[in-house]
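The values are calculated or read from the model by the stated rules, or taken from the named source; none is laboratory data. Please read all numbers here as calculations on a predicted model, not as lab measurements. Methodologically, a virtual Cβ is constructed for each residue, glycine included, from the backbone with ideal geometry; neighbour enumeration extends over all protein chains shown. For accessibility, only protein heavy atoms count, side chains too; no ligands or nucleic acids. Shrake-Rupley method; radii C 1.70, N 1.55, O 1.52, S 1.80 Å.
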Amino acid sequence: MPKKICDLTTHISPNPLSPRGFPQATLNLCRWQKWAIVIFLVITVAWAVLDYRSELLVLNAALTIFYLLTTLYRMLIIDLSLRKPREMIITPEEMTEPPNGKEWPRYMIILPMYHEAAVLPQLVEGLKKLDYPKDRLEIRLLIEEDDDETMPVARALNLEPPFVIVPIPKSYPRTKPKACNVGIEDGEADLLVIYDAEDQPEPDQLKKAAVAFSKSASNVACIQAKLGYYNSDWNLLTKCFTAEYATWFGLCLPGVDSLHAPIPLGGTSNHFRLDILRQAGGWDEYNVTEDCDLGLRLFENGWRTRILDSTTWEQACPSLPFWVRQRSRWVKGYIQTYLVRTRDFWGLHRRLGFWNSVQFHLLIGGTFVSQLINPFYWLMTMLWLTVRPEGLDYFFPPLIFAMGSFCLFVGNFIFAYTSAIACVRRGVGHLARYGLVMPAYWLMMSLGAWKGFLQLFHKPHHWEKTKHFAETDDGQQQSTT
Amino acid sequence: MLFNRHLDTDMDPTLNPKLAYSSTPRHRLCLGGLLLLFAVVIYRLPHAGTEAMAVHKAIVDALVAGNNWGRQALVGSMDYPVLPSLSLLAAELLAKILRLDGERLLQAIAQTWSVGYLFRITLRRRGWLAAPLAIALAVILPQLRNSFLLLDPNWVTAVPLAAAFFHLMLWHEERGLRDLIMIGVHCGMLSLCGFGPALIGVGMLIVVYLEIRRINASQETAARKSAGLRSLLWAPFAYGAFLWLLWNWLVMDNMFFGLHDAWLRADYVPIGDLCKHASKAFPLTLALLAPLMFLMLKSDQKMVARCLLPPVILIPIAAMVAAALGVPQTGLIPLAAILMLAVFILVFLASFSAQPVRISAIVVCLLIAGLSFWQSQPPAAPAVAEAQAPSRQEILDFIDQYWPESRTVLYGVKLPAVYPDPEEKRFVARLDYQEADFLEQAQDEQLHILVPPADGVYYPLVGSPLADIHANGKPWLLLEKQWPSQWQLWRCVIPAKNESRLDFLR
């Protein structure tokens, strides 16, 4: 049993809201949040009984203003990212020598796996191609102890260093971040990166990240590589998914980076300074988007994240039911993260500052709120376009109507158009036209969002595992998990 | 890997100092201050009102009052396009907060904004010297000066036009993705600015489209890199056009309603009119084309010259067609041409260092300026063609003698602007003539119809129901009064509900 360097699994506090000393998603709501929701519901019901029309008018006005702000914010970050690329670009010349002139930093790669036997051999082959000195590298396969499918395959491969199999003891919660925490409790390394089982990072990504860290300010704790999909052409869903990812990683995150705002990390390809990650307490094992939470926690503690110009190719989920499950987990995690981070409401705003707080609410809160309320507005728009019901005008006085029209006619186009821009920018320009049909995709996003939102009440820590598919010889896709 | 460069990766302005934009915060502050001063000056100038401003103002007032005609006129006319009306509405709201005049505020913002783009173009080419030269040209050239003095919301069109032109120039130099997107977006905005600007927008898009094709054909890898660019380029324009059609469908129940009048007029335009307008635009176009060709062949600014070519050809064509159709442009298109001329002259001067060439360039400038003076016209700005129209009071006095409760129905876009009544107390505005609706309303109240003369100003001469009424009347209309200027006031003579025919006649 290797010696633990830090303890990232033991509960040190009896407080269920922060069992490991920092706010965690063990419980969804703290006391004041519960009270706030109760008071809000009471006021809502009472107001509805007294005068539901004025209540709906005020609600509509608030949501329209929220939509407008979100649209303007999105326009700002997209324009910023187009104006001046913020990604850290490392040239091949810079990677010829170790950054400090002596030797490359020790790198640890962790790969949490569960029921991934089918892709494991392929994964190992892919990782062997990584261009990094093998004596400075450790690749940890984090496999659940009771995973009778993956463990035998891993053992049968007779892996040699830098590969190491790390069995994860069976304990609750059974989530990926828990496995990651166990995986980094021991071992010596300077830098760490997390990949998923189906990931195909560009071979020079580790060197690029090492150089990028050496060039960064000392407060940069994390470098996020971009994520892209290698199977974008499989079907309409994967095409739209690719357009969405291209927008997020190609335009939104660089734009957020330009504003020096907190960056919600993507699920994989996060490169960390290991000591800082351990200091920060690792990932929140109760949060189902632990990456997003970690990005914000690091920022709150004064650490910064940068975006690296290197892509890890992943697999876009090609099956709608599985895609909805994956999306539901993301939205559930975003809500968890939002609730956890706002527990100390004023403290958060004090630590982030006014402008970063606004961005936090727009980026994290805005993402899930808009996905949840979009269906109602689409329904209302459809009614307005077709049936034109009497009395709808009351809820749209001139100013609200003007803002709402702007969001409907301009905002929606901007969101779709930026997807097309992102496709061109990411080198998948042939998908640009699919970026323009994104509104249909947003409908499915809302479906996933509602599933996640409802699941938050009865299965808050349930991990909807992403299924991976392999392409067969006849071009069909098959589930591998 | 593709980043901001999508075609020529070696043309990165951040790496190539020759292409880098040398604007510093100090420069920007100076430019901002200068433009603010410029805006204040524009705001204070003695402007002359225009018909376009009166109509757009009437539309805005109606919108604010929640009048249905306002919504109809906003989208249902190609002559008075959406973007100027909406911009005027925004300016009016802002002016109310700032306690300023909305029309002048819009004029100042639009002109300053577009001139700002031209300043940026000149600054990119030849430092600070070019900027005062542009101002001097603006003051000297009569069309430019006159156009600046016409109060017209169509000035808003100059902003996307100047912006599209600015980014077109940058794109030719640097092939930046953002510039291409900006060209697409601004040309998309032009699609909501009426016929002429839309035509210029399409022209600019075609230029970029052809350029992308040319690059694709010349470079092996370019085709892959430029995939999707055409979608990006055309999507905003297509969306703008789609929106306009959608709004027409929503408000007018006819997707092509806004095209109807223009179509009727286009059917009737005599070739002679077209030639007359063409002959007006011809000398200035020639004067521009000749040195432009010289620039394209000889100067080191071939790219800029190539950018200038399509607008130089398209603007007179758009002006000619728009004038022949009777679409109000209020000097905007000649203005745009002259603004480009200003840039063009500056580029010309910047291109050649040899003294004889510079002198000949100045001679060409003087020649163009001379032509410009020769063609100059005083700022013709009759506020709505109401000189011949009977006054509001005259109509009301006449009606009140016998029918004090009657309201007068006005059809079209221009006519309600002559007799604005957003609250519809005495005048009821409708964009389109719907006989069934009129008769239904006439059962509830006494109505009159005011029909302007059939001279093509207020409605097309052929195919318009108003032209038919003017010539033949209707069985249920009684001509009550005809003014010497051929304006007609008709009274509806069907009995109202619950009123016997006998009572009605009595």
Normalised convex hull volume, chain A, alpha-carbon set, Å³ per residue: 157 Å³
B:E423 versus B:L286: modelled label distance in nm, points set 7 Å from Cα along the beta carbon direction: 5.9 nm
Of the DSSP H helices in chain A, those whose Cα atoms cover at least 27 Å axially and whose Kyte score averages -0.5 or more: A:31-83, A:320-341, A:366-386, A:438-458
Most to least accessible of B:H47, A:H271, A:H260 (protein chains only, probe 1.4 Å): A:H260, B:H47, A:H271
Signed unit charges on C-beta, dipole axis of chain A, positive-most listed residue A:P23, A:L59, A:I89: A:L59
Listed residues B:W476, B:L415, B:Q486: farthest to the positive end of the dipole of segment B:392-505 (Cβ charges): B:Q486
Over chain A, relative contact order from alpha-carbon pairs under 8 Å, at least 6 apart, %: 20 percent
Beta bridges per DSSP with both ends in segment B:392-505, % antiparallel, nearest 5: 55 percent
Rounded to 5, percent antiparallel among DSSP beta bridges of chain A: 30 percent
Computed magnitude of the charge dipole of segment B:392-505 (debye, nearest 20; Cβ of K, R +1, Cβ of D, E -1): 220 debye
Across A:K239/A:K459; A:K176/A:K459; A:K176/A:K226, pairs whose alpha-carbon gap is larger than 26 Å: A:K239/A:K459
Accessible surface of chain A, 1.4 Å probe, proportion on carbon and sulfur as whole %: 64 percent
Once exposed loop GluC sites (Glu not before Pro) are cut out (DSSP; at most 12 other Cβ, 10 Å), longest piece of chain A: A:189-389
Contact surface A-B: accessible area buried, both sides summed, square angstrom, 1.4 angstrom probe: 2200 Å²
Positions from segment A:65-112 whose accessible area shrinks by 50 Å² or more when the full protein complex is built, not the chain alone, probe 1.4 Å: A:L82
Most to least accessible of B:H172, A:H11, A:H349 (protein chains only, probe 1.4 Å): A:H11, A:H349, B:H172
Solvent-accessible heavy-atom area per residue, rounded to whole Å², over segment B:137-198 at 1.4 Å: 17 Å²
Extension gain from B:L100 to B:Q443, taking 0.36 nm per residue of separation minus the Cα-Cα distance: 119.0 nm
Set of aspartates and glutamates with alpha-carbon distance to B:K414 below 13 Å, sequence-local pairs under 8 removed: B:E51, B:D79, B:D261, B:E386, B:D432
Dipole magnitude of segment A:1-159 about its Cα centre (Cβ charges: Lys, Arg +1; Asp, Glu -1), debye to nearest 20: 620 debye
Computed E for B:F256/A:L443 - FRET, C-beta separation, R0 45 angstrom, nearest 0.05: 0.90
MRE, 222 nm, helices only [DSSP H, n ≥ 4, -39500 (n - 2.57), over chain A, to nearest 500]: -15000 deg cm²/dmol
Accessible area (Å², per residue) of segment B:392-505, counting only protein heavy atoms and a probe of 1.4 Å: 48 Å²
Long pairs among A:K129/A:K332; B:K96/B:K425; A:K129/A:K170, criterion Cα-Cα beyond 28 Å: A:K129/A:K332; A:K129/A:K170
Residue (of A:Q359, A:F272, A:P173) at the positive-pole extreme of chain A, dipole from beta-carbon charges: A:Q359
